[in-house]
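Notes follow the structure.
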């Protein structure tokens, strides 16, 4: 049995008003030399929604749902919440936890897959927060495993795709789901250098690293039992044109579909746990506009959000750590998992930034 004092829900953060937008984007891009005019281009996405990202409210709802499920199971732990890029900041949440006598924390990051920004950067954030508060060696922060193939995360997508295909069939009578419909699984594009370094090097994932392999394995599982064609696509690229990123972009993929006889698509935000800004803007605006431009009927599947099976699955991950559940007894729907409690050496390196101190893993 392992003792923890509290659960730490770790989020990305987002602005909650027009005045927050540029300071938030400066936090996100800090140290990368992004000019202000480029930040203003991205800011229009947030300003379109009144300067408010939905992500903080979504994490408040998730925090409450996790607490309710933990209480229901009789587990005596409080769910705390801190963000990487906006209030409540992780460093402040961790400092308050220590002041309250909560020095052993088990973190749940709101990212399911292995990558620098989705895993290692959170681990670096935890280490930086401990250093900032002079709590190194005082507060311990562990982290639940990446949950990309946990049944609780995958099940809402299975339900969503089945409903999405049914909605397409209802919207286009007589359409052939096996030849005239395609399912696009969309996730955040990342630089190829980061993708290739995602996951432990000794697993030999090849091009795209663990990040691409995990998405492909989950998509394959979601599509089990249907003959509708599918592909993995990417969105939200933000790097310079000279830097290779994972492709194809979802809008480029959409443009090629009519020539293959595709009349409708189902868009699945497979890389995301909630309907935050990049889902709402890049999929619900830009991708759907591309579909309209190319004469395609489109249905967008929901993210897990606070689906009961997702919330229950996250608490299952907590229980795994509390009870030290053997690997053989941990659920995973792909052959890649269950993933590691403690990240492997060199896992998810950011080649441009190098290794920084990180917790919940082996050195470096």
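Only the coordinates and a few stated rules stand behind these numbers; no lab work does. None of these values were measured; they are calculated from a predicted model. Cβ: placed from backbone, ideal geometry, glycine included. Neighbour counts: every protein chain shown.
Annotations
- With only Cα atoms counted, region 258-359 has Rg and Dmax values of 19.3, 54 Å.
- Rounded to the nearest angstrom and listed largest first, the equivalent-ellipsoid semi-axes of region 151-300 from its Cα gyration tensor are 26, 18, 14.
- Mean Cβ count within 10 Å, highest first, over the residues of peptides 67-74, 13-20: 13-20, 67-74
- Mean separation of Cα contacts under 8 Å (6+ apart) over length of the chain, as relative contact order %: 23
- Separation of alpha-carbon centers, region 52-99 and region 116-185, rounded to whole Å: 18
- Within region 6-117, percent of DSSP bridges classed antiparallel, to nearest 5: 10
- Rounded if a/c under 1.5, otherwise prolate or oblate - region 27-152, Cα gyration tensor axes: prolate
- Estimated FRET transfer efficiency (residue 260, residue 36; beta-carbon r; R0 35 Å; 0.05): 0.25
- Of 271, 261, 313, the one that fluctuates the most in a GNM where the chain has Cα springs shorter than 10 Å: 261
- Hull shadow area, averaged, region 67-131 [alpha-carbon convex hull, nm²]: 5.1
- Angle between the chain longest axis and helix 121-132 axis [Cα atoms, degrees, rounded to 10]: 30
- By DSSP, the beta bridges lying fully in region 151-300 are antiparallel in about 5 percent of cases.
- Centre-to-centre, using Cα atoms only, region 2-37 and region 272-307 are separated by 23 Å.
- For region 1-61, the calculated P(r) over all alpha carbon pairs, in 10 Å bins from 0 to the bin holding the longest distance, is 20, 42, 22, 10, 5, 0 percent.
- Compared with the dominant Cα axis of the chain, that is its longest principal axis, helix 36-47 is turned about 80°.
- Gyration tensor verdict on region 285-335 (Cα atoms; rounded if a/c is under 1.5, prolate if a/b is larger than b/c, oblate otherwise): prolate
- Computed helical MRE - 222 nm, the chain, DSSP H runs ≥ 4 contributing -39500 (n - 2.57), nearest 500: -11000 deg cm²/dmol
- Per-pair calculated FRET efficiency, R0 = 25 Å: residue 162 and residue 289 via Cβ, rounded to 0.05: 0.45
- Region 211-258: C-alpha gyration tensor shape, a/c 1.5 cut-off, then a/b vs b/c: oblate
- Projected onto its three principal axes, the C-alpha set of region 121-195 covers 65, 29, 17 Å, listed from the longest axis down.
- Cα-based helix-to-principal-axis angle, 55-72 vs the chain, degrees rounded to 10: 60
- Taking region 32-56 and a reference point 7 angstrom along Cα→Cβ of residue 19, the backbone N atoms nearer than 15 Å belong to 51-52.
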